[in-house]
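Peer 1: One structure is given below, represented as structure tokens, and several questions about it will come after.
The numbers here are math on the coordinates, done by the rules we state, and not lab data. The model shown is predicted, which means the values in this text are computed figures rather than measured ones. So basically every Cβ, Gly included, is an ideal-geometry build from the backbone, and we count neighbours across all protein chains shown.
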């Protein structure tokens, strides 16, 4: 396969990308033409925010060509649709080497060890001799807890610091046989971990129907009993532990609902919050319970509060 590479300014990037896709290319990526130079410019801000601009001042468009498609024909169609006459000279082709992309992708994701006992294990490492092979049936057993989850196939792989922080809190602080609500369950990783750590009942909730299905699928793969539902399917009731690993803005909006889902004496665990956002998120929950930073990592925090 081959890639068509051309350069453009910020104002042209979106129009040219759309025109290339209309002309039949398989994909288009926009790169900073000044990357790895002193002129390189960081474009994207923190998670959950819209960037002020959607391209760099000088951009490199990389279009993946299907076999048999004439680049000259593509450029002529793009020139007509975009009105950019300069495309005739400012481009070049480069070969994309053949590769086993599945194996290459898998090689980038190995087992992840979190805390003392938890292992996130991609399916292709199921028989890896370096990973403890004990699957815990007795939550009082101090053996390793394996959660099988394939990166890239769901909404959360265990690799992000906020997921680590929530998993570490569950492992370190969850006692007895609590009822647990995982709000914003994504792939179900926190819900599955809570169940394997001994929770009596676990409910996962997400606004995305695909995430709910992913949680159900991953729970089945991991021989774990839990409920997963959309918000409308969440029945009345409170929980001993409520965990929500989302982002600061939705956490603030959800403060009344999440706080009131915590039973008397129960715990609320929040993550997806940058260190500089910790105070404003804690303030949103102040009418119901006092939140404070339990642990921080790589600029992110895990907030914890106990309902009186």
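Peer 1: With a Förster radius of 25 Å, plug the Cβ-Cβ distance of residue 96 and residue 31 into 1/(1 + (r/R0)^6) and report the FRET value to the nearest 0.05.
Peer 2: Once rounded, the FRET efficiency stands at 0.95.
Peer 1: Next up: Give, in nm to one decimal, the length gained when the segment between residue 11 and residue 40 is fully stretched (0.36 nm per residue of separation minus the Cα-Cα distance).
Peer 2: 8.7 nm
Peer 1: When DSSP beta bridges are limited to those with both residues in the chain, what percentage is antiparallel, rounded to the nearest 5?
Peer 2: Antiparallel bridges: around 60 percent, rounded to the nearest 5.
Peer 1: Then there is this: Before rounding to the nearest 500, sum -39500 (n - 2.57) across all DSSP H runs of length at least 4 in the chain and divide by the residue total; then give [θ] at 222 nm in deg cm²/dmol.
Peer 2: Computed ellipticity for the chain at 222 nm equals -8000 deg cm²/dmol.
Peer 1: Let me ask you something else. Calculate how steeply helix 71-82 sits against the longest principal axis of the alpha-carbon atoms of the chain, using the helix alpha-carbon long axis, and give the answer as 0 to 90 degrees to the nearest 10.
Peer 2: 80
Peer 1: Tell me, in nm to one decimal, what length is gained between residue 69 and residue 263 on full extension, where the rule is 0.36 nm per residue of separation less the Cα-Cα distance?
Peer 2: That pair, residue 69 and residue 263, stretches by 63.6 nm at full extension.
Peer 1: On to the next question. Working from Cα positions, state the angle (0 to 90°, nearest 10) between the long axis of helix 161-173 and the longest principal axis of the chain.
Peer 2: It works out to around 10 degrees.
Peer 1: Let me ask something else about it. What does the extension gain come out to for residue 220 and residue 296, with contour length at 0.36 nm per residue minus their alpha carbon separation?
Peer 2: Contour length minus Cα-Cα distance gives 24.2 nm.
Peer 1: For the chain, modelled as a GNM with alpha-carbon contacts under 10 angstrom, which of 277, 84, 210 fluctuates the most?
Peer 2: Among 277, 84, 210, the largest mean-square fluctuation in the Gaussian network model of the chain belongs to 84.
Peer 1: Tell me the Kirkwood hydrodynamic radius of the chain in angstroms, computed as one over the mean inverse distance between distinct C-alpha pairs.
Peer 2: Across the chain, the inverse of the average 1/r is 22.2 Å.
Peer 1: In degrees between 0 and 90, to the nearest 10, how far off the longest principal axis of the chain does helix 209-221 point, with axes built from Cα atoms?
Peer 2: Around 60 degrees separate the two axes.
Peer 1: Considering only 214, 19, 255, give the residue with the highest GNM mean-square fluctuation for the chain, with springs between Cα atoms whenever their separation is below 10 Å.
Peer 2: Of the options given, 19 has the highest mean-square fluctuation.
Peer 1: Listing 281, 242 from the residue with the fewest other Cβ atoms within 10 Å to the one with the most, what is the order?
Peer 2: In order of increasing Cβ crowding within 10 Å: 281, 242.
Peer 1: Give me the percent relative contact order of the chain, please, defined on Cα pairs under 8 angstrom at least 6 residues apart.
Peer 2: Taking the mean separation of contacting Cα pairs over the length of the chain, I get 12 percent.
Peer 1: Hey, fewest Cβ within 10 Å first, where do 236, 148 land in order?
Peer 2: Exposure proxy ranking, most exposed first: 236, 148.
Peer 1: Please report, in cubic angstrom per residue, the volume enclosed by the convex hull of the alpha-carbon atoms of the range 158-306.
Peer 2: 96
Peer 1: Among 201, 117, 35, what is the fewest-to-most ranking by other Cβ atoms within 10 Å?
Peer 2: Final ranking by Cβ density, sparse to dense: 35, 201, 117.
Peer 1: Specify the residue with the greatest mean-square fluctuation among 119, 91, 288, computed from a Gaussian network of the chain linking alpha-carbon atoms under 10 Å apart.
Peer 2: 91
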